[in-house]
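Heads up, the thing below is written out as structure tokens.
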């Protein structure tokens, strides 16, 4: 004979004498509670075995926590919050992003098994041993949920590391070597792109962020820098951007952002403000480092600009026109662009991009789709004549300079003459020089470098050289731009003496030629 359905015992549960029956009015009796009519067949009617009510198909388990009764059969999967309250599961403060949910098991795989056992319910009361097993069952469920939460926390950290996101990357070998040999105060961490699915053709490989994802990961590492012309911080003279490069508050920016500044203020993405001090700046490369006091700052992850490819998607993050945390996106439209700063004449290896870069973006980040900084944006390297033509100094060229600035306050092993000049090769510059001197026409023999400023702290300031003079040769070699002047003094050290031939032009086009001698200065200022 077939066993009766597990949830319906063949006989009503025996109640102790005097115990009232369960209330009938709380749950309407199902149709099965009506007396079974006589069956017109040889089987006798089951009149003496009415079906019991459904209010409590399973008797309460004695000894279980009273704040967690066994739910009815209609909802065999009780919600997690009905667990015993002495081990509540903490809320998820950082839910798993959508791209991770599509690949990793969610908390749904840790559901509580149905409470209805496959065998008919026991008619006998639970023994102490059975009670212990039931308690152990609940403890296993709690342990499983806690283990799932722990796996989630570990998994999110691993994914963040793999994607180059908020989790800092391990120092590369070159970083470690530099720390041991140079005694660096801080190591700026750098990492390669994460491993990709090589079989994914013409599709986004697993591991790439969306623009929204890049912004959420990198924006906390981008700060706004306010430059003040007074020590009290009352006369705002300019603003720019910066990138937090270490957890103890070192920030990379452009040198021109700090021009004429007496005091500086850093504004974080959460609008927290910090006073900042200048660690070092290098006007030749337009790079600088400032520092704020504190710890556990959200340091950006530096990528490897040698891995950048043409057409790669990028995001620029900065503070153009004082609009904090502005995000623009585009592609890498050119590589290895040797771009010369109009202000310094110094060439820098740059990444060309069509992502919008405007004044105020200076010192901001050009980021790949793995949340890694691959370049430092600078409005000084942006063309004002063409649309969608911006440049960022490659991070691989930036980091050695920044490391020197952190370690020494200046870039080591450089010399400076102590002059600021403009090449007289461009025709418009030649015409500008003639207008400055008061010439009616540009002399045919006009060549060399036009001196526009002389540094007071250099030996050349004690010579006969003046502003608007022209240097035509150094050490017997003709000079007419930065490259030729740099080649003429290559290999010399601070304290070495050089000789230069100079001309002083008159409004009538004639000139006086003379020679000067001066000592080179060790370049600890980043100037010329």
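A protection proxy built from the mean count of other Cβ atoms within 10 Å ranks the segments 402-409, 365-372, most packed first, as 365-372, 402-409. Ranked by the mean number of other Cβ atoms within 10 Å of their residues, highest first, the peptides 317-325, 284-292 come out as 284-292, 317-325. Quotient of the Cα radius of gyration of segment 415-522 and 2.2 N^0.38 Å, N being its number of residues: 1.03.
The mean sequence distance of close C-alpha pairs (under 8 Å, at least 6 residues apart), as a share of the length of segment 415-522, puts its relative contact order at 31 percent. The largest-to-smallest principal axis extents of the Cα set in segment 234-382 are 43, 34, 24 Å. Exposure proxy shown here: for 519, 193, 440, the number of other Cβ atoms within 10 Å sets the order, fewest to most, as 440, 519, 193. With the cut-off at 19 Å, report for segment 409-469 the share of all Cα pairs above it, as a whole percent. Everything past 19 Å amounts to 41 percent. Residues 512, 224, 273, arranged from fewest to most other Cβ atoms within 10 angstrom of their Cβ, appear as 512, 273, 224. Packing here is the average count of other Cβ atoms within 10 Å per residue, and on that basis the peptides 478-485, 213-220, highest first, run 213-220, 478-485.
No value in this document is a laboratory result; all are computed from the given coordinates. This one's a predicted model, so the numbers in the text were calculated from it and none came from an experiment. Using ideal geometry, Cβ is built from the backbone for each residue, glycine included, and neighbour counts are taken over all protein chains shown.
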